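Written out below as structure tokens is the structure these notes cover.
What follows is calculated from the coordinates using simple rules that are stated; it is not laboratory data. From a predicted model like this one, the values you see are computed outputs, not experimental measurements. FYI the Cβ positions are ideal-geometry reconstructions off the backbone, even for glycines, and counts take in every protein chain you see.
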Amino acid sequence: MHGVAMNSEPELPAGFTHFPYANPDAPKGGEITYCVTGSFDNLNPFILKSMRTTARGVIDTIFGNLVFEPLMRRNGAEPFSLYGLLAESVEMNAERTYAEFHLDPDARWSDGKPVTPKDVIFTYETFAEKGRPPYSTRMERIKKIEKTGEHSVRFAFNENSDREFPLIVAMTPVIPAHAFDRDTFDQSTLKPVTGSGPYVIDEVIPGQRIVFKRNPDYWGADKPSMRGFHNYDRITIDYFLNGNAQFEAFKKGLCSVYAGAIYTGMDATQVARDFDFPAARNGDVVVKAFESKIPPVVTGFVFNTRREIFADPRVRRALSMLYDFGWVNKNVYDGQYHRTLSYWQNSELSALGRPMDEREKELLAPYMDKILPTVADGTYGKDADKGEGLSRETMREALGLLQDAGYTLDGGKLRDREGNPLSFEILIVSAEQERLASVFQRALSRLGIEVTLRMLDDSQIQQRKQTFEFDMLISSVGFSGSLSPGIEQIGRWGSESANAEGSFNLSGVADPAVDAMIEAMLSARDKKSYVAAVRALDRLLISGAYMVPTQHNTQKWVAYWNYLEHPETAPLDGFDLSAWWRKPQGAGD
């Protein structure tokens, strides 16, 4: 097969020439500078040490995988379909108990050596021994990997595998056996690493800048899945202390693109507030909205349920009721946002507005005590977008839940049975987060709950996330929207990741019911069963109140200097910076 899809057939036929949101005739040349916040002290993205401070771009969901590549590449215009890259084709049976990948004979590492089955096998063995989650756990689902020909490698999967896992294998980056020492693989390095991707690392200033230059001998430039991507000769990624410094650098022309601190898009309020400067007024800076067609990224206040104060779901549900979306939407976002309540909102995978069907009831039968009645019947959050602010009734209901959990109001403070006040700390990293946290803090104080806010820089917050050292923080990392949730949900919500350092299970969810729904989702053989499993998972996550989702907008605003251009067709998630290009000299430069 030239391609494979999770729950159907791939949309692009054999012999396709390019992905629909890429311009195969995009001019090559020029350079671009991206600006990010934080710091870096490592160039190996596959290890636990310095995992969250690895330089951007080596593998990157925003800027593209510049150095390392997978066997097959995802098409952003489909929910979940893969097409050939290092492997030109794949064979697998209907049960997906094995997958045999046929490597492209042209595939080369940047030093000119061929990509071989030995490299694929070395990758998995090294990740299992020295890698970080989720790469380190992949061998747990693999019975055997063997070379079956000069350019072929076969994976046989064990009983721990599922229908999605062969696609996960196909998307896993491959590393060269000859360029890495397994004994020292788990150590941070600032020595440029060797990959098969379109760029090589040209310059490294630790913590400040990394520069990639195009590999003139890149093997995959004309492969259909790569045609029209990675069009710059040189890519620079500069690091700044915080989002304000990053944006000021963009205004001065030091950065080519600005799409928020993590490049997932700005909101319309920020556009209206921050783009009244000369370059934006005279057209040198373009500000454009891209429409996202996938569930919104779920951002919100994350409870660390490893902390005793957040172990009781009644406490979490009560606090979740006290986020004043109505005030925030009116006063911060000019009424342009919607309340986020589901992890797959605005899609058929969401439980919102839908009563449980028979498939869901069967799946959730052993766990119905965990599902709120309003979540089960589809009425949960039906008026959330009205934005009327916190009512007395809501405050009384929240207080009732807290009293059921053993808290009482005493001297203006909410205290547990031992007399300890309900108090916690929210970690924040930006002025915008501080605004949202202050609103939440103010509402909680009305019930005698003490909340302190602590501002950290990017590197500090990443370390706290990695070791789960927080009470509550605002995050969207690991909660990205998808029309095809799969094995990554184990890392976000599964019991096995709850205490795995570096995992994205920031809340510490460890619930057999959640595990069972993820397993049902991964084992689904048809679309109806798959949708039912995801909706059931959504109902458990909503009812469990593991975070306080805030708000979303389906438009993703991007600002860029007018020497850049992008394809007319967009991927499902709105835009793909790796498909943009620089206009030739004389065409707006």
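Observations, loosely collected:
- Sites listed here are GluC sites (Glu not before Pro) in the range 427-508 whose DSSP assignment is loop and whose Cβ has at most 14 other Cβ atoms within 10 Å: Glu469, Glu501.
- Rounded to 5, the percent of DSSP beta bridges in the chain classed as antiparallel: 80 percent
- Net charge over other residues, Cβ less than 15 angstrom from the Cβ of Glu291 (K, R count +1; D, E count -1): -1
- Spatial separation of Cα centroids for the range 1-19 and the range 139-217, in angstrom: 23 Å
- Looking at the range 300-552 alone, DSSP beta bridges between its own residues are antiparallel in about 60 percent of cases.
- Listed pairs Lys361/Lys528; Lys113/Lys191; Lys252/Lys330 exceeding 23 Å between Cα atoms: Lys252/Lys330
- The lysines whose alpha-carbon is closer than 27 Å to the alpha-carbon of Lys143, local same-chain residues fewer than 8 away aside, are Lys118, Lys130.
- Look at the alpha carbon pairs under 8 Å that are at least 6 residues apart: their mean separation over the length of the chain gives a relative contact order of 21 percent.
- Computed over the range 16-57, the quotient of the alpha carbon radius of gyration and 2.2 N^0.38 Å is 1.76.
- Surrounding net charge for Ser225, when Lys and Arg each add one and Asp and Glu each subtract one, Cβ distance under 11 Å: 0
- Two-site FRET efficiency, Asp410 against Arg446, from Cβ-Cβ distance with R₀ of 22 Å, rounded to 0.05: 0.90
- FRET efficiency, Lys118 to Thr467 (Cβ-Cβ, R0 41 Å, nearest 0.05): 0.70
- Separation of the Glu248 and Thr17 label points, Cα + 7 Å toward Cβ, nm: 4.8 nm
- Value of Rg to Rh for the range 300-552, rounded to two decimals, is 0.95; Kirkwood radius and Rg both from alpha-carbon coordinates.
- At most 16 other Cβ within 10 Å, DSSP loop - trypsin sites (Lys or Arg not before Pro), the range 338-395: Lys382
- All other residues whose Cβ lies under 13 angstrom from that of Phe504 are scored, Lys and Arg at +1 and Asp and Glu at -1, for a net of +1.
- Sequence-distant aspartates and glutamates (8 or more away, or on other chains) whose Cα lies within less than 20 Å of Lys144: Glu91, Glu95, Glu100, Asp119, Glu125, Glu129, Glu159, Asp162, Glu164
- Ordering Val509, Val286 from the fewest to the most neighbouring beta carbons within 10 Å gives Val286, Val509.
- log10 of Debye I(q)/I(0), alpha-carbon scatterers only, for the range 223-265 at 0.22, 0.26 Å⁻¹: -0.80, -0.96
- Estimated from helical segments only, the mean residue ellipticity of the chain at 222 nm is -7000 deg cm²/dmol, where each DSSP H run of four or more residues counts as -39500 (n - 2.57).
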